[in-house]
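Each remark here refers to the structure printed beneath this line.
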Amino acid sequence: MNKIDIKSLYIDELAMELKSLGLPAFRVKQIYEWLHVKLVTSFEEMTNLSKELRESLNEKFQITSLQEVDSLHSASDGTIKYLFRLMDDRVIESVLMKYHHGNSVCISSQVGCKMGCKFCASTIGGKERDLLPSEMLDQIYRIQDLSGERVSNIVVMGTGEPLDNYDNLIRFLKLIIDPQGLNISARNITVSTCGIPDKIRAFAEEGLPVTLALSLHAPNNEIRKSMMPVATKYELSEVMSAFRYYYEKTGRRLTFEYSLVDGVNDEEEHARELAKLVKGINCHINLIPVNPIKERNYRKSKNEKIQNFKFTLEKNRINVTIRREMGADIDAACGQLRKSYIDKTSL
Ligand code: SAH
């Protein structure tokens, strides 16, 4: 019989499972706290439970946890990139970024990705599988444990398309904001999507005040299609209308990510078209100089072009920032550490 993935259970579900073992309610709280606050990785560490009880828990449940394979520390800004091994030996990456306002962790939501964006390293080998809620949680738990740093912000912007792993994403979010768990504020969480309209609308109904970011990258359908296969499936107007709906339902300011690629989407006319596209939307635009990956020939825009693009948006009174490149010295860009690990180990 397969063991139950205990870290993916809500506390009331855990209570139901433990009831069948005849445990009193206070034990439920203790066990939940060991898992989600004290962040243990085995039942042996639950020292206020008897040996007998720990053994019977071990028979029924599994504590899904990740193992650190490697970590890269940036000398310039303290960013740490982790490579973790899952229980089925697959590997994923997560990043800890240190900002003045607190520590932020960027997590993966899938092993690989099927979306096929032309500039992204995470999608090259396709999608291997979805991550479990416990595997998303444990990226944060292990980073907090390994680094000794308290994590206050989360961005679901690592490998994978979070809305393509919808149910596990929702469960992960509900567990990480649980006051009885790590209790991270939903307002400090950002979920980034390549834009799947029906999933965005469903997400708006969940009552979770998280920030939603759209990987826009282009001011019109035509350019977007050349960069992102998902744009051939959903028209930009459909995606934008789902995004507006998300704002109406949650009141959360929207974020648009726009990776600037030399000669593709970085002209002044593109900036003007973009300004028109987001006109009247309460939003913030993040400009990201594209991070070149060796498998593709996309190049970063020239500095002057980047500044000019930003200036044109500002003239149109749009909130815009150029994303600071964290951990540039350690290849912190999407999927590159995992990719180079897989390349090396499969030689
Ligand atoms: N699938 C989700 C989340 C993962 S990608 C999404 O599409 O949003 C996270 C962000 O990194 C996206 O905005 C993505 O477009 C961007 N990105 C991926 N590869 C990049 C690269 N090489 N340079 C700059 N940004 C990149």
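The values are calculated or read from the model by the stated rules, or taken from the named source; none is laboratory data. This one's a predicted model, so the numbers in the text were calculated from it and none came from an experiment. For neighbour counting, all protein chains shown are included, and Cβ atoms are generated from backbone atoms with ideal geometry for every residue, glycine included. The area values use the complete protein model at the heavy-atom level, side chains included, leaving out ligands, DNA and RNA. Shrake-Rupley method; radii C 1.70, N 1.55, O 1.52, S 1.80 Å.
Along region 199-216 the Karplus relation, 6.51 cos²θ - 1.76 cosθ + 1.60 evaluated at θ = phi - 60°, assigns HN-Hα couplings of 6, 5, 5, 5, 4, 4, 7, 6, x, 10, x, 8, 7, 10, 10, 9, 7, 8 Hz to successive residues, with x for each Gly and Pro. Extension gain for residue 53-residue 323 works out to 92.2 nm (0.36 nm per residue, less the C-alpha to C-alpha distance). Net length available on complete extension from residue 37 to residue 124 is 27.7 nm, with 0.36 nm assigned per residue and the Cα-Cα distance removed. Angle of helix 133-147 to the longest C-alpha principal axis of the chain, folded into 0 to 90 degrees and rounded to 10: 90°. Taking amide H positions as modeled 1.01 Å from N, with prolines and chain starts lacking one, the residues under 5 Å from residue 192 and 5 or more places away or on another chain are 156, 213.
The alpha-carbon of residue 19 sits under 23 angstrom from the alpha-carbons of these lysines, leaving out residues fewer than 8 places away in its chain: 3, 7, 29, 38, 51, 60, 174.
Computed over the chain, the quotient of the alpha carbon radius of gyration and 2.2 N^0.38 Å is 1.04.
A crude spin-label estimate for the pair residue 268 and residue 299, with each label 7 Å from Cα along the Cβ direction, gives 2.2 nm. Backbone amide hydrogens, once placed in the peptide plane, bring residue 300 within less than 5 Å of 262, excluding anything fewer than 5 places away on its chain.
The charge dipole of region 4-62, taken about its Cα centre with unit charges on the Cβ atoms of Lys, Arg (+1), Asp and Glu (-1) only, comes to about 160 debye.
Taking all Cα-Cα distances within region 202-347, those exceeding 24 Å account for 38%.
Return the ratio Rg/(2.2 N^0.38 Å) for region 4-62, where Rg is computed over Cα atoms only.
On the way: Rg = 10.1 Å, N = 59, 2.2 N^0.38 = 10.4 Å.
Rg over 2.2 N^0.38 Å, computed on Cα atoms: 0.98.
Each residue, residue 44 and residue 345, gets one label point 7 Å from its Cα in the Cβ direction; the gap between the two is 2.4 nm. Of the residues 159, 312, 79, the one that moves most in a GNM of the chain with alpha-carbon contacts below 10 Å is 312. Each label point was placed 7 Å from the Cα along the Cα-to-Cβ direction; for residue 311 and residue 183 their separation is 4.9 nm. Helix 236-250 and the longest principal axis of the Cα set of the chain meet at an angle near 50°. The shape of region 259-327 comes out prolate: with a ≥ b ≥ c from the C-alpha gyration tensor, a/c is at least 1.5 and a/b beats b/c. Treating r as the C-beta distance of residue 88 and residue 241 and R0 as 45 Å, the FRET efficiency rounds to 0.70. Were the residues from residue 282 through residue 17 laid out at 0.36 nm apart, the gain over their Cα-Cα distance would be 91.0 nm.
Identify which of 19, 118, 225 has the largest mean-square fluctuation in a Gaussian network model of the chain, with springs joining Cα atoms closer than 10 Å. Residue with maximal mean-square fluctuation among 19, 118, 225: 19.
Enumerate the lysines that residue 294 could reach by cross-link, defined here as Cα to Cα under 26 Å, with residues fewer than 8 away along the same chain left out. Those lysines meeting the cut-off are 81, 114, 118, 127, 225, 302, 305, 339, 344. Using the Karplus relation 6.51 cos²θ - 1.76 cosθ + 1.60 with θ = phi - 60°, the per-residue 3J(HN,Hα) values for region 9-24 come to 8, 5, 4, 6, 5, 4, 4, 4, 5, 6, 4, 5, 8, x, 8, x Hz, with x marking Gly and Pro. Over what distance in Å are the Cα centres of region 78-121 and region 176-233 separated? Region 78-121 and region 176-233 have Cα centres separated by 16 Å. Shown for region 67-345: the carbon plus sulfur share of the solvent-accessible area, taken with all protein chains present and a 1.4 angstrom probe, equals 46%.
Relative to the longest principal axis of the Cα atoms of the chain, the long axis of helix 166-176 lies at roughly 60 degrees.
Could you work out [θ]222 nm for the chain from helices alone, using -39500 (n - 2.57) per DSSP H run of at least four and dividing by all its residues? Round to the nearest 500 deg cm²/dmol. It would help to have the intermediate numbers written out before the result.
Working: 12 runs with 124 residues, N = 347.
Helices in the chain give a 222 nm mean residue ellipticity of -10500 deg cm²/dmol.
Sort 315-322, 172-179 by packing, meaning the average of other beta carbons within 10 Å per residue, with the highest value first. Numbers along the way, then the final one.
Numbers: 315-322: 14.8, 172-179: 19.0.
For the peptides 315-322, 172-179, the packing ranking is 172-179, 315-322.
What net charge is computed for the residues neighbouring residue 204, neighbours being all others with C-beta under 15 Å from the C-beta of residue 204, Lys and Arg scored +1, Asp and Glu -1? Mind dumping the intermediate values first?
Numbers: positive: 199, 201, 244, 249, 252, 253; negative: 198, 205, 206, 238, 248.
Surrounding charge for residue 204 is +1.
Rolling a 1.4 Å probe across the protein heavy atoms gives region 4-62 an accessible surface of 53 Å² per residue.
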